[in-house]
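Structure first, commentary second.
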């Protein structure tokens, strides 16, 4: 049975915190709950961004997700 | 007064053509950060390497696209472009806007950015080049509240849909490209503004097979107008072209003497399927053989028009050459009605079938066309619940699409091959 939205969000946060990579593709979160539809995983990840717990990292052509304090931030590196 | 010596760039100001270097120099008189664009570009020309970095977490609240972070990797030497973000603004369908609106956008960009624009980017959006992070939110507020414009798509989002001029200015358009482009832009606001997919996804709409937005080469879903019935022929106008009374190609090739119009050489012989002929004074077209190449209609627009039963062809999977070379879209649905009455539901159903499959099965950074190539067209057709038809074949024997399943074969896969060979010698 698929996780509830809140459970899915928790699982996504846990995965983002544990992953050796600071930024993850939305596809990387599919493993958090194989029973959840891709669209549900995407919606949960986007909601975490809305809540300020995660951020989008975009190269311009691709978008990834990261915990706010783990994102690779060019802004501060180049300042 | 120039801040950097730019002898290599100065070469690009010579000659009769307009020069982006001159444009940037002119803008730099008002916006000094533009001198650093020239300085950094000159250095790149010398060293043959870019000094731009791109990507990051910059954006406006609630949006996961529309802003692309740009940074110089030499911020100490070129502080004016240390942060120089790009903003994509969703263009109106067919890029219709008043000069007053264009002036307002330029004024806004002079206020919050470098004043440099790219009209339009190859994405279709209006591209505003160069601002800093602290200007993004105020710019976004004014853009949306005062100018009623929105940001476009970037990243793994649905990209800003684009369309040709359509029925607004073109008699050949077989559906209202502006209506569907606008409707789907509004319908899919979440997908345009927030990442939804393994990679980018683009729609483009062309009203006829001339494909003026080049959707067949540039979009994951290409919608190209077509017709089912016969090309409409005005035989009197055909004769007028033959007699030289009408200018061929609408006069587009005037200015040189091409000699008298020769319908055999310039139209009939160039038909890719040889589906046309002159029977005495009558032009005849065998519709079943016509591939809608548009050549005859382009040459004799007063004599020939698309048929009356109009709709569109749906093609999937074009992309630029990052992996495995450039790819044209593959024809999947030869004809579909484009119906504004039911809010384009048939096209929406088709799109969402693709997305449901691609979101589950597409790899990271894999375009739809690459995913189709990986699994094969027959599997994709099965996923889309589309019966294979001869038009799906590129050429005989090169991409077979009929694959028998075990349950469809008498005896399944377990037949006795020795028994079989007794009757069918190898």
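Couple of notes before you dig in:
- Residue within region A:57-65 that is within 13 Å of the chain's Cα centre (by Cα) and surrounded by fewer than 21 Cβ atoms within 10 Å (Cβ to Cβ) present: no
Residue-wise test of (1) farther than 24 Å from residue B:105 by Cα; (2) assigned by TED's automatic domain parsing to the domain that holds residue B:346; (3) touching a strand residue (DSSP E or B) at 6+ places or on another chain (Cβ under 6 Å).
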{"position": "B:155", "(1), (2), (3)": "no, no, yes"}
{"position": "B:166", "(1), (2), (3)": "yes, yes, no"}
{"position": "B:174", "(1), (2), (3)": "yes, yes, yes"}
{"position": "B:192", "(1), (2), (3)": "no, yes, yes"}
{"position": "B:198", "(1), (2), (3)": "yes, yes, no"}
{"position": "B:206", "(1), (2), (3)": "yes, yes, yes"}
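- Qualifying residue in region B:87-102 (condition: surrounded by 16 or more Cβ atoms within 10 Å (Cβ to Cβ), within 14 Å of chain A (Cβ to nearest Cβ) and touching a helix residue (DSSP H, G or I) at 6+ places or on another chain (Cβ under 9 Å)): yes
- Within region B:110-141, the set of residues being surrounded by fewer than 15 Cβ atoms within 10 Å (Cβ to Cβ), touching a helix residue (DSSP H, G or I) at 6+ places or on another chain (Cβ under 9 Å) and part of a helix (DSSP H, G or I) comprises B:110, B:111, B:138.
- Listed by position, the helices (runs of 4 or more DSSP H) inside chain A whose residues that are at the interface with chain B (Cβ under 8 Å from one of its Cβ atoms), over 30 Å from residue B:73 (Cα atoms) and touching a residue at least 40 places away in the same chain (Cβ under 8 Å) number at least 1 form an empty set.
- Meets criteria (assigned by TED's automatic domain parsing to the domain that holds residue B:364, out of contact with any helix residue (DSSP H, G or I) (no Cβ under 7 Å at 6 or more places or on another chain), surrounded by 14 or more Cβ atoms within 10 Å (Cβ to Cβ) and outside any loop (DSSP other than H, G, I, E, B)) for residue B:216: yes
- Residues (out of contact with any helix residue (DSSP H, G or I) (no Cβ under 7 Å at 6 or more places or on another chain) and either under 17 Å from residue B:201 (Cα atoms) or modelled with pLDDT under 80 (or both)) located in region B:364-392: B:365, B:366, B:367, B:369, B:370, B:373
- For region B:252-260, the criterion of being over 23 Å from residue B:394 (Cβ atoms) and within 27 Å of the chain's Cα centre (by Cα) is satisfied by at least one residue.
- Only one of the listed residues (B:39, B:80, B:64) is within 10 Å of chain A (Cβ to nearest Cβ) and buried (at least 20 other Cβ atoms within 10 Å of the Cβ). That residue is B:64.
- Strands (runs of 3 or more DSSP E) contained entirely in region B:1-109, each with at least 1 residues that are in contact (Cβ under 8 Å) with a residue 40 or more places away in the chain and under 22 Å from residue B:132 (Cα atoms): B:70-72, B:86-89
The values are calculated or read from the model by the stated rules, or taken from the named source; none is laboratory data. If you're wondering where the values come from, they're calculated on a predicted model, not measured in any experiment. Here the Cβ is made from the backbone with ideal geometry for all residues, glycine too, and neighbour counts use every protein chain on show.
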